[in-house]
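To start, the structure itself, in structure tokens.
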Amino acid sequence: MGEPLLEARDLVKTYGSVEALRGASFTAYAGEVVALIGDNGAGKSTLVKCLSGVEQPDSGSVLLDGEPVRLDSPTAARALGVETVYQDLAVAPDLDPAANLFLGRELRKPGPLGWFGVLDDKEMRRRAAESFRDLGVSLQSVDVPIGALSGGQRQSVAVARSVVWASRLVFMDEPTAALGVVQRERVLDVVRRVRDQGMAVVLISHNMPEVLAVSDRVEVLRLGRRVARFTTARTTVEELVGAMTGALSQEGA
Amino acid sequence: MTSLARRLASANTLWIGLVLLGLIAVFGALRPDAVLTVFTLQTTLVETSVLLVLSVGMTYVIITSGIDLSVGSVLVFSGVTSAMTMNALNGGDATGAGWGTVLVGLAVALLSGAAWGLLNGLLVARAGIPPLIVTLGSFGAALGAGQLLSDGSNVSGVPDVLGEGLGTGTWFGVPNLVLLAAAVTAVGALVLGTTRFGRHTYAIGSNEEAARRAGIGVTGHLVRVYLLAGVLAGLAGFMALAYFRVASVTGHDTDNLNAIAGVVLGGTSLFGGVGSVVGTVLGVFIPAVLRKGFVIVGVNVYWQPIAVALVLVAAVWFDQSRRKARNQR
Ligand SMILES: Nc1ncnc2c1ncn2[C@@H]1O[C@H](COP(=O)(O)OP(=O)(O)O)[C@@H](O)[C@H]1O
Ligand SMILES: [Mg+2]
């Protein structure tokens, strides 16, 4: 399978007395969908935050293309082509979908107006509508605050935002949790499409059929540690659940 | 243009504009002779100019879901330092001084405001102290510092050229103070509504953590927003100095509350993320129109704060129920 795109080794992260990560490792390869699963509180979201620059691990190392990297801010991770759909979405509810899509990377008008920081809202809205169409995100209007949309639509916008900007790797922390059947299928289509473009997708999900349907590999986190790794084609729901609950463990995972 | 129209309609701005028009119409119908005269209009505008400049800065602060209680005290402090500097440059009495002195006075007022704004911003954004507490502190400290400097009395000796030029001068019948306030407001509205700085101000107020994760420099931005409010309070101090020809250390205890009331009446949400300078203009004029109107039609003027309070509570209640309805989806 070649060299990993992203590798985390022995990450430790504590919040006060809570040990969210206790030496967690993680690997993702280019051109694959890797599912990251584990019980509630296993540390999945914390791992994603450490790998996308939102939190800094207390110890451990992160390697991109085999080189150690410091992800001391979300901007640093984004500069490396790593985008994230956070479990809490991290959208600005009072801004419209286009403004959210371009948040932090706003387009300015060409010419002198742009030097003063004047935004090119028209162009941003046009490109946003185009992206939403490409990704199968249906919104009645791109003009309303995102907080007025349904939970599923908000989630779709967050997914679109990550996919549009990513060039190497996308983390998706439970991106389908609030979605109906149709929207869920669309997001999974997007996941496959992103993988087929050669990027890595890290999908966190509690839905085992979904994990089996879309992922190429599975890594299992339990109590802040990686406890098992599977190739999806050669595993079963029973095995995955066993690894999550601790009934089954692998040496050296 | 469509985005401006959309923002106007989506905030409470449209609604509050109708309230303002309604008030003017009612007072106008009761006393058509007095209300719509040039003089009434002019004095209302002039008296509101200083408050409007404070309120423009306050709009930015409140959109970030912050608050600035210090603006009235910073206004006093800036007026005092400015007047005292101008006097000191002219042997203790600047009454006869020229424009050079006035420019120095302006610079001192702006810098004084900037210093307090920077302090507020650093304490809020860097130290993470709640803005209510930080600016309650500078509310007391800036007033105290101003009174210490002036020995607790008003500072007179304001240059005549300043009083006659900016203070009471007019340009084609429009008071210069009003023009200055209008210019500040227009720039404030454009920056908030059309630029990246404005967009980030909304984003931070809407969801600070989302803004941070989107790579927006939240700390630096908040410092700049409080800095802006401070500079505008300094400018307001200079405008008051020009108008009253004295740096008054009293009479500004409730400027902060008047500015907050105007901003909130104008549809800016105390929860952050929503608001506009256009709304603030309307919101600032509602109390002013009520006061003028009550005087003109002979209603006891003590009804004015009560009427403002009712509208204010209604406005916030409206905003809150709108948010609740939205968040339940
Ligand atoms: N900001 C935080 N402060 C304190 N504890 C936290 C914080 N974030 C996560 N935790 C704790 O860390 C553990 C792992 O949480 P999380 O990574 O969210 O798990 P998962 O996403 O797998 O459900 C939990 O015990 C959680 O309560
Ligand atoms: Mg989680």
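Among the residues making up segment A:40-90, those that are out of contact with any Pro (no Cβ under 9 Å at 6 or more places or on another chain), more than 16 Å from ligand 2 (Cβ to nearest atom) and among the acidic types (Asp, Glu) are A:ASP58, A:GLU67, A:ASP72, A:GLU83. Screening the candidates A:SER61, A:SER17 for the property of being hydroxyl-bearing (Ser, Thr, Tyr), more than 10 Å from ligand 1 (Cβ to nearest atom) and farther than 21 Å from A:MET208 by Cα yields one hit, A:SER61. Examine segment B:268-277 for a residue that is under 17 Å from B:ILE16 (Cβ atoms), more than 14 Å from every other protein chain (Cβ to nearest Cβ) and within 13 Å of the chain's Cα centre (by Cα), and state whether such a residue exists. Yes: segment B:268-277 contains one or more residues that are under 17 Å from B:ILE16 (Cβ atoms), more than 14 Å from every other protein chain (Cβ to nearest Cβ) and within 13 Å of the chain's Cα centre (by Cα).
Of the residues making up segment A:168-187, those that are touching a strand residue (DSSP E or B) at 6+ places or on another chain (Cβ under 9 Å) and more than 16 Å from ligand 2 (Cβ to nearest atom) are A:ARG168, A:LEU169, A:VAL170, A:VAL187.
Checking A:ALA77, A:ALA90, A:ALA99, A:ALA42 one by one, the residue that is assigned to a loop (DSSP other than H, G, I, E, B) and either within 13 Å of chain B (Cβ to nearest Cβ) or within 16 Å of A:ARG168 (Cα to Cα) (or both) is A:ALA90 and no other.
Can you name every residue in segment B:183-223 that is away from chain A (no Cβ under 12 Å) and touching a residue at least 24 places away in the same chain (Cβ under 8 Å)?
Answer for segment B:183-223, where residues must be away from chain A (no Cβ under 12 Å) and touching a residue at least 24 places away in the same chain (Cβ under 8 Å): B:VAL184, B:THR185, B:GLY188, B:ALA189, B:GLY220, B:LEU222, B:VAL223.
Within 14 Å of ligand 2 (Cβ to nearest atom), more than 14 Å from chain B (Cβ to nearest Cβ) and closer than 22 Å to A:ALA166 by Cβ: does that describe A:THR27? It is false that A:THR27 is within 14 Å of ligand 2 (Cβ to nearest atom), more than 14 Å from chain B (Cβ to nearest Cβ) and closer than 22 Å to A:ALA166 by Cβ. How many of the residues making up segment A:139-166 are touching a Gly at 6+ places or on another chain (Cβ under 8 Å) and farther than 19 Å from A:ALA178 by Cα? So the count comes out to 1. Summed over segment A:64-82, residues that are surrounded by fewer than 23 Cβ atoms within 10 Å (Cβ to Cβ), touching a residue at least 40 places away in the same chain (Cβ under 8 Å) and not hydrophobic (A, V, I, L, M, F, W, C) total 3. Residues in segment B:306-328 that are away from every other protein chain (no Cβ under 12 Å), surrounded by 13 or more Cβ atoms within 10 Å (Cβ to Cβ) and out of contact with any helix residue (DSSP H, G or I) (no Cβ under 9 Å at 6 or more places or on another chain): B:GLN320 only. Inside segment A:65-74, residues that are facing chain B (nearest Cβ under 9 Å) and either of a type in the set (A, V, I, L, M) or outside any loop (DSSP other than H, G, I, E, B) (or both) make up a count of 1.
Among the residues making up segment A:52-63, those that are over 16 Å from the mean Cα position of the chain (by Cα) and either in a loop (DSSP other than H, G, I, E, B) or crowded, with 16+ Cβ neighbours inside 10 Å (or both) are A:GLN56, A:PRO57, A:ASP58, A:GLY60, A:VAL62, A:LEU63. In segment A:197-241, the residue that is farthest from the chain's Cα centre (by Cα) out of those that are farther than 27 Å from A:VAL12 by Cα and small (Gly, Ala, Ser) is A:ALA233.
Summed over segment A:136-164, the residues that are more than 14 Å from every other protein chain (Cβ to nearest Cβ), crowded, with 20+ Cβ neighbours inside 10 Å and either over 20 Å from B:ALA214 (Cα atoms) or basic (Lys, Arg) (or both) give a count of 1. When the criteria are applied in full, A:GLY43 meets the requirement of being assigned by TED's automatic domain parsing to the domain that holds A:VAL201, in contact (Cβ under 8 Å) with a residue 60 or more places away in the chain, under 26 Å from A:VAL194 (Cβ atoms) and within 16 Å of ligand 1 (Cβ to nearest atom). In segment A:117-131, the count of residues that are facing chain B (nearest Cβ under 9 Å), assigned to a loop (DSSP other than H, G, I, E, B) and surrounded by fewer than 21 Cβ atoms within 10 Å (Cβ to Cβ) is one or more.
Does A:SER167 fit the bill of being crowded, with 22+ Cβ neighbours inside 10 Å, away from chain B (no Cβ under 14 Å) and away from ligand 1 (no atom under 16 Å from the Cβ)? No: the conditions fail for A:SER167.
One residue stands out among those in segment A:30-39 that are assigned to a loop (DSSP other than H, G, I, E, B) and within 16 Å of ligand 1 (Cβ to nearest atom): the one that is nearest to the other protein chains (Cβ to nearest Cβ), which is A:GLY38.
The values are calculated or read from the model by the stated rules, or taken from the named source; none is laboratory data. Here the structure is a predicted model, which means the values were calculated and not measured. So basically every Cβ, Gly included, is an ideal-geometry build from the backbone, and we count neighbours across all protein chains shown.
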